[in-house]
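Single-structure report; data block below.
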Amino acid sequence: MRISELAARSGVSAASIKWYAREGLLPAGERTGYNQTEYGEEHLARLHLIRSLIEVGGLSVAAARAVLAAADDPDHAFGDTLGIAQASLPQAATPPSAESVQQVLDVVAERGWQWCEDNPGVPAAAAVLDRYRALGRGDLAATLPDYARAAEIVAAADLDCITKNLDAGPAVATQTVVVGTVLGDALLAGLRRMAQANETFRRFGPTPGSPS
């Protein structure tokens, strides 16, 4: 297809398509003549993936490039690929306090988790506890063990999805790791909002705007 058709089908402007190609996010099309380039269905799928990472996952272009490079490399070990995907997600600008970091470490140690010391989840979780404490709500840290148990269920679902894709080859399984990590955060946020509404209804009954 020509770039005009690719733009129409993907919802991405021709200028953005060319820019993604220059930035290394999108493979170049096939030159078929002077000032003419052809694109295939693989380019359309790639554009949907790029938009998902940037628009839904909230990744920067540089982070999306790193994630896509990992997804394209079938020789990447799952652990390394997962680390790249996790590191691509937005991080707290201010380092968390030692107190909050220790609270996180205490909870994961109690649950017997195995993890690398540079896992970005530690400062991310600790930064949230700092924000709670700044609001005068140190009591909210008491819910951390409950969140940890919920995270185990989500992580099991993530790895189940990866395991099911192993038969499709390493490339598909690797892509599942990076895409699932980035978009999984957005998916979990949406489901959490729905679950909060359901739990509110269950505990307190109907509220204005809720289904009868």
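The values are calculated or read from the model by the stated rules, or taken from the named source; none is laboratory data. Given the structure is predicted, the values throughout are model-derived calculations rather than measurements. Cβ sites come from the backbone with ideal geometry, for glycine too, and all protein chains shown count toward neighbours. The protein model used for the area step is the full one, side chains on, heavy atoms only, and it has no ligands, DNA or RNA in it. Shrake-Rupley method; radii C 1.70, N 1.55, O 1.52, S 1.80 Å.
Which residue pairs have Cβ atoms closer than 7 Å, lie 6 or more positions apart in sequence or on different chains, and pair a first residue in segment 2-18 that is in contact (Cβ under 8 Å) with a residue 12 or more places away in the chain with a second residue that is surrounded by 13 or more Cβ atoms within 10 Å (Cβ to Cβ) and among the polar types (S, T, N, Q)?
Final answer for the pair search is Ile3/Thr37.
Select, from Asp167, Asp160, the only residue that is in a helix (DSSP H, G or I), modelled with pLDDT under 80 and open to solvent by 60 Å² or more (accessible area, probe 1.4 Å).
Details: Asp160 fails: modelled with pLDDT under 80.
Result: Asp167 is the single residue among Asp167, Asp160 that is in a helix (DSSP H, G or I), modelled with pLDDT under 80 and open to solvent by 60 Å² or more (accessible area, probe 1.4 Å).
Quick one: Ala63 ticks every box in (1) at pLDDT below 85; (2) in contact with a Lys or Arg (Cβ under 8 Å, 6 or more places away or on another chain); (3) surrounded by 20 or more Cβ atoms within 10 Å (Cβ to Cβ) except a single one, so which number is it?
(2)
Can you list residue pairs whose Cβ atoms sit under 8 Å apart, with the first residue in segment 48-60 being part of a loop (DSSP other than H, G, I, E, B) and the second being among the polar types (S, T, N, Q)? Count only pairs 6 or more apart in sequence or on different chains.
Final answer for the pair search is Leu59/Ser88.
Counting only residues that are surrounded by 11 or more Cβ atoms within 10 Å (Cβ to Cβ), of a type in the set (Phe, Trp, Tyr) and free of Cβ contacts under 8 Å to residues at least 12 places away in the same chain, how many does segment 19-47 have?
So the answer is 1.
Give the residue, chosen from Thr181, Thr143, that is open to solvent by less than 80 Å² (accessible area, probe 1.4 Å), at pLDDT below 90 and within 23 Å of Val128 (Cα to Cα).
Details: Thr143 fails: at pLDDT below 90.
When all the criteria are applied, what remains is Thr181.
Just for segment 1-33: of the residues that are in contact with a Ser or Thr (Cβ under 7 Å, 6 or more places away or on another chain) and in a strand (DSSP E or B), which one is modelled with the highest pLDDT?
Taking segment 1-33 as the starting set, the residues that turn out to be in contact with a Ser or Thr (Cβ under 7 Å, 6 or more places away or on another chain) are 3, 7, 14, 29-31.
Subsequent filtering for residues that are in a strand (DSSP E or B) retains 30-31.
Values: Glu30: 88, Arg31: 85.
Looking at residues that are in contact with a Ser or Thr (Cβ under 7 Å, 6 or more places away or on another chain) and in a strand (DSSP E or B), I get Glu30.
Which count do you get for residues in segment 14-38 that are β-branched (Val, Ile, Thr) and over 28 Å from the mean Cα position of the chain (by Cα)?
Within segment 14-38, the subset β-branched (Val, Ile, Thr) is 17, 32, 37.
Remaining after also requiring over 28 Å from the mean Cα position of the chain (by Cα): 32, 37.
The total comes to 2.
Open to solvent by 80 Å² or more (accessible area, probe 1.4 Å) and either part of a loop (DSSP other than H, G, I, E, B) or at pLDDT below 80 (or both), is that true of Gln91? Outline the logic, then answer.
Numbers: open to solvent by 80 Å² or more (accessible area, probe 1.4 Å): yes; either part of a loop (DSSP other than H, G, I, E, B) or at pLDDT below 80 (or both): yes.
Yes, satisfied.
Considering only segment 34-60, state which residues are of a type in the set (Phe, Trp, Tyr) and at pLDDT 90 or above.
Keep residues of segment 34-60 that are of a type in the set (Phe, Trp, Tyr), which gives 34, 39.
Within segment 34-60, Tyr39 is the sole residue that qualifies.
Being part of a helix (DSSP H, G or I), out of contact with any strand residue (DSSP E or B) (no Cβ under 9 Å at 6 or more places or on another chain), at pLDDT 90 or above and open to solvent by 50 Å² or more (accessible area, probe 1.4 Å), is that true of even one residue in segment 107-117? Steps first, answer last, please.
Start the filter on segment 107-117 by keeping residues that are part of a helix (DSSP H, G or I), which leaves 107-110.
Add one more test, that the residue is out of contact with any strand residue (DSSP E or B) (no Cβ under 9 Å at 6 or more places or on another chain), and what stays is 107-110.
Now narrow it down to the ones that are at pLDDT 90 or above: 107-110.
So of that shortlist, the ones also open to solvent by 50 Å² or more (accessible area, probe 1.4 Å) come out as 109-110.
Checking segment 107-117: at least one residue is part of a helix (DSSP H, G or I), out of contact with any strand residue (DSSP E or B) (no Cβ under 9 Å at 6 or more places or on another chain), at pLDDT 90 or above and open to solvent by 50 Å² or more (accessible area, probe 1.4 Å).
Show the residue pairs meeting these rules: Cβ distance below 7 Å; 6+ apart or different chains; first residue within segment 134-152 and in a helix (DSSP H, G or I); second residue of a type in the set (A, V, I, L, M, F, W, C) and surrounded by 11 or more Cβ atoms within 10 Å (Cβ to Cβ).
What qualifies is Ala141/Leu129; Leu144/Val107; Pro145/Val107; Ala148/Val107; Ala148/Val108.
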